[in-house]
Structures are given as C-alpha cells and as structure tokens.
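Everything below concerns the one structure shown next.
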Amino acid sequence: MITLYGIPNCDTVKKARDWLTGQGIDYTFHDFKKQGVPEKLLPQWLKTIDKETLINRKGPTWRKLDAAVQASVVDDAAAAQVMLANSSVIKRPVVVWADGVVTVGFKPEEFAARLS
C-alpha cells in the first residue's frame, strides 16, 4: 500500500492525490494537521532523505520560526524535533511506496516510474 503524507490544502499534495486517483492507484492519505507527523517514521525518512531535502527552508512556516530554532537544525535529531513541532515545515508530499521507498515532492514522471 502507498501512503501519501501531507496537508490537504497544499497544491502539490492535491496534484499528487489527483494524479494517483486518475491512474486508479489505491493509496492512504495521512493528514499531518489531523493525524500529526508520524514520530516513529521520521528516523526512517531521515535515513533515506537528507534533512535539507525534507525541510522546506523556503516556505512561510520556516521563515516564521525563531532564528534560534532555525539555527538548531544541525542534525537529524534536531530536524525531527522541529518537524514534529511544525508539520508545515516538511516538504510535501512525503510518499512511502509499497516497496518501502520514501520520496518527497510530486513529479508525474517520477510517480509513473515508481509504479512501472
């Protein structure tokens, strides 16, 4: 089963969900706002995806964080704490594919390649 993690009103998450639905692909959607960030999965994500890719340093949530909080993100443990406290700082969507591979973002050609 594919699990797509994100925020429902995020445009990129909407595009990814629409694409999967349009392809007839079954998936589970995990809403960060309602269900929270899955704390037990963060270490796995950070092993697969560099914290610099997983954290959206260009988004408004990051920019609103206190400079000390931003500066504290020096390792995976600190990055995980910031992501747990501020789910909107995570780039979206995070997708855990049926084979366990974790990806971030949405590009139709990359999704298609993952499913072929």
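Taken together, the values in this text are just the output of simple stated rules run on the coordinates, not laboratory data. Since the model is a prediction, treat every value here as computed from it, not as a measurement. Here the Cβ positions follow ideal geometry from the backbone for every residue, glycine too, while neighbour counts run over all protein chains shown.
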Problem set entry | Computed [θ] at 222 nm, helices only, for the chain once each DSSP H run of length n ≥ 4 contributes -39500 (n - 2.57) | -12000 deg cm²/dmol
Problem set entry | Between 0 and 90°, nearest 10: helix 11-22 axis offset from the chain longest Cα axis | 20
Problem set entry | Distant-in-sequence amide H partners of Asn56 (H built 1.01 Å from N, under 5 Å) | Ile90, Lys91
Exercise. How high is the FRET efficiency from Gln35 to Val74, r the C-beta distance, R0 30 Å, rounded to 0.05?
Worked result: 0.60
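Out of all DSSP beta bridges with both ends in the chain, state the antiparallel percent to the nearest 5. Show your work: numbers first, answer last.
Values: 7 of 12 bridges.
The antiparallel fraction comes to roughly 60 percent.
Taking 0.36 nm per intervening residue step and subtracting the Cα-Cα distance, what contour gain separates Ala85 from Asp26 on full extension?
Values: separation 59, 0.36 × 59 = 21.24 nm, distance 2.96 nm.
Value of the extension gain: 18.3 nm.
Compute, for the chain, the length of the dipole vector about the Cα centre, with Cβ point charges of +1 (Lys, Arg) and -1 (Asp, Glu) only. Units Debye, rounded to 20.
On the way: 16 positive and 13 negative charges, 71 e Å.
Around 340 debye, computed over the chain.
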Seminar exercise, completed: Measuring from the longest principal axis of the C-alpha atoms of the chain, the long axis of helix 76-85 (C-alpha) lies at a number of degrees, nearest 10, equal to 80
Problem set entry | Relative contact order for the chain, counting Cα pairs under 8 Å that sit 6 or more residues apart, in percent | 37
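Structure shown: which of Lys40/Lys107; Lys64/Lys107; Lys51/Lys107; Lys64/Lys91 lie over 24 Å apart, alpha-carbon to alpha-carbon? Intermediate values should be presented prior to the final figure.
Numbers: Lys40/Lys107 26 Å; Lys64/Lys107 28 Å; Lys51/Lys107 20 Å; Lys64/Lys91 16 Å.
Lys40/Lys107; Lys64/Lys107, as the Cα separations exceed 24 Å there.
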Exercise. Between Asp66 and Ser116, 0.36 nm times their residue separation minus their Cα-Cα distance comes to what?
Worked result: 13.7 nm
Seminar exercise, completed: Computed over the chain, the distribution of all Cα-Cα distances in 10 Å bins, rounded to whole %, is 13, 48, 30, 8, 1
Problem set entry | Karplus (6.51, -1.76, 1.60) ³J(HN,Hα), θ = phi - 60°, over segment 37-44, in Hz, Gly and Pro reported as x | 7, x, 3, 5, 8, 4, x, 5
